[in-house]
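S.K.: My questions all concern the structure below.
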Amino acid sequence: MAIPRKRLGFIGLGAMGKPMAQNIAKRLDIAINIYDVNAEAMADSNEWGAVVSSSPADVAASSDIVFTMLPADEHLLAVALGADGIIQSARDGLTLVDFSTLGPATIREIDAKFRESGARCLSAAVTLGVPRAIEGTLSIYVDAAVHEDDDIMAFVRGCSSTVLPIGDLGSAKVIKLVNNFLTGVGNAAIAEVIALGVKAGVPLETLLRLLLKGSAASFLMEKDVTETVPVGDLGPGRFSTDFMVKDLKLAQEMARQHGHPTHFAATALAAYNGSRSYGHANDYVGSVIRWYEVAANMEPVGPIEKVQP
Ligand code: NAD
C-alpha cells in the first residue's frame, strides 16, 4: 500500500508564490491548502484545485508542511507568530519552510518559538524571478535539514529544477542575501561605469562589446546588463529597484548583527534610492542607469539594436 503523502499548505500567493504553488499542485497532482491576506489572490483556487483556508492557523491545522512566500520579515512574523498565525496550530511534526527573501535571524526566532510545541521552522530562498517561477524551473537554496527531508523535497522539486543544499538553520537566507548584496553592488557599479564611458565619448555598443571581452566581464554584465540596458528593456514586471533596496538593507542588518562592515551596500543603496526618487521604484533594477544619466546630465545611453558578439 502506498504511504500517504504529507499534506502541503502554501501561504503568500503573489507573483512568485502563486506559480510555485500551482506547479507543485500540478506536478504532484495534489490539492494544496492555501491562504493569502488578499482574497483576490485565491479567487481562482477552483481552477487549480486548491483548498482556501481562513487564516495561517487554519492552513497549519490541515497541513503537515507549510510553505510561505511573503514580502518581508514582518509579514512572516505575523503569519508565523500572530494571533491567527501558524503557531496556534503548532504541534509535533509540523514544519514551516519559508522561501521569502528575509533575514536568517527571523527564521531562528520563529524556530525557537515553534520548538516549544514540537514544530520547526526551516529556510529556503529562491533565485531567478517570476518567469522561472511560472516555468517551474527555479533554483532554490535550502537549509541542509530541508534537503534531508524527503517529504519536503518532493514539494520543493515540484516548483524547481535545481536545489542547492547549504548548511545550518537559516543558511539558505545567508547565501541569498550575500548573493543579492553582490549583485546589487555590481549592477549599480556597471551602470555607473557605462554612463561614464558613454559620456566620455565611447559609443554604447563598442563599450559593452569591449568590456565583455576584457577582465571586467561577468555573468552580471553579460546577462543582466547587456540583455536589458542597450535595448532599454528596463520597465516593471521583473526584479525591481524596491526589491533590491530591501535586500541590500537586509544584508546591512545581517552585517550589523555580526559586527561586519558593509561600505559597498551603502554606496549602492544611495544609487538605488536616487533611482527610486526619479520614479523607478517598480522598474527593473537595471533602470538605475537612468538615474546615473540624470545625475550626469546626459542623454539616455540607448536604445541601440544589439551588442555584437
Ligand atoms: P508579492 O508581493 O507579489 O507577493 C506576496 C504575497 O504575500 C501577496 O499575495 C500578499 O498579499 C501576501 N501577503 C502579504 N502579507 C500577508 C499575510 N500577512 N498573510 C498572508 N499573505 C500575505 O511578492 P513576490 O514577488 O511574490 O515576492 C515574494 C518574496 O520573494 C519576496 O521576499 C521577494 O523578495 C522574493 N523574491 C522575489 C523575486 C521576484 O522576482 N519577484 C525573485 C526572488 C525572490
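The values are calculated or read from the model by the stated rules, or taken from the named source; none is laboratory data. Nothing here was measured: the structure is a model prediction, and the numbers come from that model. With ideal geometry, Cβ positions are generated from the backbone for all residues, glycine too; neighbour counts draw on all protein chains shown. Remember, those area values only see protein heavy atoms, side chains included, never the ligands or the DNA or RNA. Shrake-Rupley method; radii C 1.70, N 1.55, O 1.52, S 1.80 Å.
S.K.: What's the number of the only condition in (1) under 28 Å from Val245 (Cα atoms); (2) touching an Asp or Glu at 6+ places or on another chain (Cβ under 7 Å) that Ile65 fails to meet?
M.R.: (1)
S.K.: Next up: Within the group Ala268, Ala255, which residue is under 17 Å from Val193 (Cβ atoms) and either among the aliphatic types (A, V, I, L, M) or more than 16 Å from the ligand (Cβ to nearest atom) (or both)? If you could, list the steps in order and put the result at the bottom.
M.R.: Numbers: Ala255 fails: under 17 Å from Val193 (Cβ atoms).
Result: Ala268 is the single residue among Ala268, Ala255 that is under 17 Å from Val193 (Cβ atoms) and either among the aliphatic types (A, V, I, L, M) or more than 16 Å from the ligand (Cβ to nearest atom) (or both).
S.K.: OK, next. Does Pro236 count as assigned by TED's automatic domain parsing to the domain that holds Ala270, in contact (Cβ under 8 Å) with a residue 40 or more places away in the chain and within 16 Å of the ligand (Cβ to nearest atom)?
M.R.: So Pro236 fits the description; yes.
S.K.: So which of Ile107, Ile86 ends up being touching an Asp or Glu at 6+ places or on another chain (Cβ under 7 Å) and either aliphatic (A, V, I, L, M) or open to solvent by 50 Å² or more (accessible area, probe 1.4 Å) (or both)?
M.R.: Ile107
S.K.: Name the single residue, out of those in the stretch 243-261 being open to solvent by 50 Å² or more (accessible area, probe 1.4 Å) and part of a helix (DSSP H, G or I), that is farthest from Glu293 (Cα to Cα).
M.R.: Result: Gln257.
S.K.: Before we move on, is Leu76 more than 8 Å from the ligand (Cβ to nearest atom), in the same structural domain as Val37 (by TED's automatic domain parsing), crowded, with 21+ Cβ neighbours inside 10 Å and under 16 Å from Ile32 (Cβ atoms)?
M.R.: Taking the combined requirement at face value, the residue does not satisfy it.
S.K.: Turning to a different aspect of this structure: Is it the case that Pro71 is buried (at least 18 other Cβ atoms within 10 Å of the Cβ), within 30 Å of Val245 (Cβ to Cβ) and either more than 14 Å from the ligand (Cβ to nearest atom) or not basic (Lys, Arg) (or both)?
M.R.: The answer is no for Pro71.
S.K.: Among (1) in contact with a helix residue (DSSP H, G or I) (Cβ under 8 Å, 6 or more places away or on another chain); (2) more than 16 Å from the ligand (Cβ to nearest atom); (3) open to solvent by less than 80 Å² (accessible area, probe 1.4 Å), which single condition is Glu205 missing?
M.R.: Of everything listed in (1) in contact with a helix residue (DSSP H, G or I) (Cβ under 8 Å, 6 or more places away or on another chain); (2) more than 16 Å from the ligand (Cβ to nearest atom); (3) open to solvent by less than 80 Å² (accessible area, probe 1.4 Å), Glu205 misses just condition (1).
S.K.: Also: Of all residues being in contact with a helix residue (DSSP H, G or I) (Cβ under 9 Å, 6 or more places away or on another chain) and open to solvent by 10 Å² or more (accessible area, probe 1.4 Å) in the stretch 89-102, which is nearest to Ala15 (Cα to Cα)? Just the residue, please.
M.R.: Looking at residues that are in contact with a helix residue (DSSP H, G or I) (Cβ under 9 Å, 6 or more places away or on another chain) and open to solvent by 10 Å² or more (accessible area, probe 1.4 Å), I get Thr101.
S.K.: Examine the stretch 3-21 for a residue that is open to solvent by 60 Å² or more (accessible area, probe 1.4 Å), modelled with pLDDT of 95 or more and within 9 Å of the ligand (Cβ to nearest atom), and state whether such a residue exists.
M.R.: No, that holds for no residue.
S.K.: For the stretch 210-237, what are the residues that are buried (at least 17 other Cβ atoms within 10 Å of the Cβ) and outside any helix (DSSP H, G or I)?
M.R.: The answer is Thr226, Thr228, Val229, Pro230, Leu234.
S.K.: Any idea how many residues of the stretch 86-135 are touching a Lys or Arg at 6+ places or on another chain (Cβ under 7 Å), outside any helix (DSSP H, G or I) and more than 14 Å from the ligand (Cβ to nearest atom)?
M.R.: 4
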